[in-house]
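Have a look at the structure below before the remarks.
The values are calculated or read from the model by the stated rules, or taken from the named source; none is laboratory data. Please read these numbers as outputs of a predicted model, since none were measured by experiment. Positions of Cβ are generated from backbone atoms using ideal geometry, with glycine treated the same way; all protein chains shown enter the neighbour counts. Keep in mind that these areas ignore ligands, DNA and RNA; they rest on the heavy atoms of the full protein, side chains included. Shrake-Rupley method; radii C 1.70, N 1.55, O 1.52, S 1.80 Å.
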Amino acid sequence: MRRYFAVRGGAGDVAEPDVNTKPQDNLYLAVNSEWLSKAEIPADRTSTGVNSELDIRIEDRMMKDFANIAAGKEEMPKVRDFDKAIALYKIAKAFVKRDADGARPIQNDLQKILDLNNFTDFKQNAAKLFIGPYALPVVYDVDADMKNTDVNVLYFGGPGTFLPDTTTYQTSDAKKLLDILQKQSINLLMMAGLGKTEAKTYVESALAFDQKLSKVVKSTEEWSDYAAIYNPVSYADFIAKFKSFDMADFLDQILPVKPDRVIVMEPRFLEHAEELINEQNFDEIKGWMLVKYINNVAKYLSQEFREAAFPFDQAISGTPKMPSQIKQAYRLANGAFDEVVGIYYGQKYFGAEAKHDVEDMIHKMLKVYEERIKSNDWLSEDTKKKAIVKLNALVLKIGYPEKIEEIYDLLQVDPAKSLYENEAAMATVRTRYEMNKLTKPVDRSVWLMPGNLNNACYDPQRNDLTFPAGILQKPFYDIHQSRGANYGGIGATIGHEVSHAFDNSGAKFDEHGDMNNWWTKEDFAEFNKRVGQMVDIFDGLQYGPAKVNGKQVVGENIADLAGLACAVQAGKNDGVDLKDLFENYARSWMQKQRPEAIKTEVQVDVHAPQPTRVNIPVQCQDAFYEAFDVKPEDGMWLDPEDRITIW
């Protein structure tokens with residue numbers, strides 16, 4: 001076993017504050033312990049920290065603006081479709097009406113499931129249900145063909161399980177969580193008008209079907225292998241997998257054209273589809289659809305329904321208190337019209353000067369990345385040239401989009417209808433819009449994230465980087481804070497996202513976003529060896545009540561490592577204080593979480609928990625040892641041969 005297992009992540013436990021910690025022993029604790037020892041998690045949240053504080057700052061701004069605009073105290077912004085977001089907000093916050101309506105708004109749609117008497121009924125109505133506000137035991141999406149990203153294709157997969165991940169079913173918490181869901185679902189169905197015996201039977205059937213799904217659908221670790229979702233199957237071969245269910249008729253009804261082939265994201269699910277979707281399982285399928293439906297729609301109904309649907313979420317996240325009514329109203333409106341709301345946010349809160357400064361930083365980071373590729377000592381010259389071509393082809397999306405996607409023009413809000421009826425109608429419009437993309441070219445101008453989101457991303461199929469206005473603020477970025485702090489914050493984030501173009505998934509896509517092996521066999525073998533080192537150094541790392549799965553989080557960890565390395569190099573080039581850089585890097589991942597939330601995150605997230613993302617990337621930077629005079633006897637020391645360099 002390699003020495004770094006004794007010291008990976010530094011001395012001490014990043015889940016336990018220690019104000020006496022030195023940065024040479026544990027950088028994360030040295031920077032954040034004082035805050036950690038005093039921080040309190042808000043009752044309606046799963047965690048607190050830098051990202052939570054930014055999320056709250058954005059939400060507080062927007063909730064205040066929504067309230068003023070809805071009350072007529074501020075003018076309606078000149079952003080197309082923003083008035084629809086305000087209209088939905090007004091409907092959502094009308095809790096007197098929502099409470100008076102009770103379960104009435106869902107009765108017609110609920111009855112459509114209850115009226116399914118047998119498998120023949122299910123087959124005849126499945127397409128209409130799929131287009132409507134229901135979950136079916138099959139999933140379809142339309143997205144760019146991973147091998148020809150100019151055209152859209154049909155993707156097929158399995159549904160989500162009741163528990164957060166297939167691995168959750170193997171934990172000691174599984175029975176307790178499923179018991180809570182069972183009790184909650186019976187209660188919700190009874191509140192909707194079903195008798196207790198009937199509700200109990202439906203829920204038991206649902207849980208039986210969910211158990212079967214949990215043995216077949218992918219885990220988060222499997223989903224983290226992005227390229228593995230690309231499994232083209234001819235239309236005829238795909239249809240032939242379904243004997244009991246008439247999939248050809250179903251697709252005829254939901255699609256604008258008959259596809260030549262289907263991209264199967266979950267081959268194992270397809271192989272088991274017939275044994276899952278058949279006449280013998282009809283009662284279980286019906287029960288499963290009912291449980292999915294009633295738990296999904298409760299949030300659109302009365303306060304009584306909201307509270308009745310909270311115990312399961314509470315058990316998963318550990319959150320003591322549900323969001324206030326007014327907060328929920330804003331979140332529903334923001335969720336339905338996120339791109340529109342994000343454009344408003346970007347225009348109001350993100351200036352042209354800041355955008356120009358961030359663009360300058362990104363270009364400097366890209367230049368550093370190019371230099372690092374050129375000086376790389378394990379890549380062949382041919383692969384280096386192709387990597388630089390891909391780097392130079394990156395498209396930058398900064399702040400907020402210039403145009404609004406067509407879907408927001410199609411969504412309508414009717415003040416005369418209930419919140420549920422509006423949400424159900426919009427869900428139908430979204431599904432039709434999604435399926436109709438099959439006849440349209442890929443729109444590369446579409447943003448994957450709205451402008452008011454505190455996040456960033458790389459899209460391998462468009463080879464673009466998105467940095468919403470929401471993340472471009474302190475401590476990640478501020479035009480008035482030190483350049484060193486900015487490199488440790490947004491600089492490392494920029495480098496992180498660029499690195500995704502060359503991580504274990506991004507490395508399989510070329511400059512156009514097409515899945516194309518542009519590496520030599522020898523280069524890819526060496527790359528995978530280094531990927532293995534990243535798996536090993538994180539695998540089993542203890543954080544609170546959970547252990548990190550190194551394979552599941554390796555792509556994000558590669559990006560963290562490379563992103564920080566590039567930020568350090570760019571900072572050196574700009575002559576910044578590297579202590580300042582490293583300290584703000586540690587500060588930017590500051591977080592305190594509820595134990596239940598940690599368990600769930602480790603099961604479902606392809607990112608390692610935030611505190612664990614600080615010390616290991618830092619330990620691999622020679623500049624850190626120089627900046628803080630770290631010695632072999634210090635907790636942050638890694639022997640030079642154990643420090644991992646990928647880019």
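Odds and ends about this structure:
- Complete set of residues in the stretch 584-606 that are in contact with a Phe, Trp or Tyr (Cβ under 9 Å, 6 or more places away or on another chain), open to solvent by 50 Å² or more (accessible area, probe 1.4 Å) and part of a helix (DSSP H, G or I): Arg587
- Any hit, the stretch 311-324, residues being buried (at least 16 other Cβ atoms within 10 Å of the Cβ), touching a strand residue (DSSP E or B) at 6+ places or on another chain (Cβ under 6 Å) and in a helix (DSSP H, G or I): no
- Flag if Ala492 is in contact with a Phe, Trp or Tyr (Cβ under 8 Å, 6 or more places away or on another chain), crowded, with 21+ Cβ neighbours inside 10 Å and within 30 Å of Glu596 (Cβ to Cβ): yes
- Taking the stretch 407-452 as the range and being under 24 Å from Ala92 (Cβ atoms) and part of a loop (DSSP other than H, G, I, E, B) as the test, the residues that pass are Leu411, Gln412, Val413, Asp414, Pro415, Ala416, Lys417, Ser418, Met449, Pro450, Gly451, Asn452.
- Pairs linking a residue in the stretch 222-236 that is more than 26 Å from Gln552 (Cβ to Cβ) to a residue that is part of a loop (DSSP other than H, G, I, E, B) and open to solvent by 40 Å² or more (accessible area, probe 1.4 Å), with Cβ atoms under 7 Å and 6 or more positions apart or on different chains, are Tyr235/Lys258; Tyr235/Asp260.
- Selection status of Arg587, within 19 Å of the chain's Cα centre (by Cα), within 22 Å of Leu29 (Cβ to Cβ) and among the charged types (D, E, K, R): no
- Residue count, the stretch 147-193 (criterion: farther than 17 Å from Gln603 by Cα, over 20 Å from the mean Cα position of the chain (by Cα) and in contact (Cβ under 8 Å) with a residue 40 or more places away in the chain): 19
- Listing of helices (runs of 4 or more DSSP H) fully contained in the stretch 97-214 that carry 3 or more residues being under 24 Å from Ile229 (Cβ atoms): 119-131, 196-214
- Looking across the stretch 128-152, the residues that are open to solvent by 20 Å² or more (accessible area, probe 1.4 Å) and within 15 Å of Pro232 (Cβ to Cβ) come down to Asp141, Asp143, Lys147, Asn148, Val151, Asn152.
- Residue list for the stretch 546-583, filter: open to solvent by less than 40 Å² (accessible area, probe 1.4 Å), within 19 Å of Tyr28 (Cβ to Cβ) and not small (Gly, Ala, Ser): Val548, Val553, Glu556, Asn557, Asp560, Leu561, Leu564, Val568, Leu578, Leu581, Phe582
- Filter result for the condition that a residue is over 29 Å from Phe305 (Cβ atoms) and within 30 Å of the chain's Cα centre (by Cα), over Ala87, Ala43, Ala39: Ala39
- Hits in the stretch 53-83 (condition: farther than 13 Å from Leu453 by Cα, open to solvent by 30 Å² or more (accessible area, probe 1.4 Å) and either touching a residue at least 24 places away in the same chain (Cβ under 8 Å) or in contact with a helix residue (DSSP H, G or I) (Cβ under 6 Å, 6 or more places away or on another chain) (or both)): Met63, Ala67, Glu74, Met76, Arg80
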